[in-house]
Amino acid sequence: MPQKAFDDWSLADKRQLEAAEGWLGLNLPADAAGELDQLPSGLQRHPVVLETRWKIHAASRRWLPAADSAHELI
């Protein structure tokens with residue numbers, strides 16, 4: 001995702017997303033979801049958040065929520 005897409009994000013929000021991606025990289029999807037849940041409601045529908053949420057659901061093998069995230073993303 002181009003840096004410009006994050007220009008309006010606070011540093012704390014960027015770090016929250018990075019933390020979620022880090023937990024996901026450690027195969028800890030529940031912790032990753034907890035990090036995403038702390039993002040402001042205005043960012044919850046941002047494409048990168050939706051994609052990360054899809055990855056969390058897929059890692060947890062929760063296919064219906066994964067499909068919902070994918071549908072919202074497209």
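Readers should treat all values here as calculations from the given coordinates under stated rules, not as data from a laboratory. This structure is a prediction, so every number in the text was calculated from the model and none was measured. Neighbour counts run over all protein chains shown; Cβ positions are idealised from the backbone, glycine included.
When only C-alpha pairs under 8 Å and at least 6 residues apart count, what is the relative contact order of the chain, in percent? Write down the numbers at each step before the final one.
Working: 67 pairs, mean separation 18.1, N = 74.
Once divided by the residue count of the chain, the mean separation gives 24 percent.
Ignoring everything except DSSP H segments at least 4 long, calculate the 222 nm mean residue ellipticity for the chain; use -39,500 (n - 2.57) per segment, divide by total residues, nearest 500.
Working: 4 runs with 48 residues, N = 74.
Calculated mean residue ellipticity at 222 nm is -20000 deg cm²/dmol.
To the nearest 20 debye, what is the magnitude of the charge dipole of the chain about its Cα centre, counting +1 on the Cβ of each Lys and Arg and -1 on the Cβ of each Asp and Glu?
On the way: 8 positive and 11 negative charges, 38 e Å.
About 180 debye.
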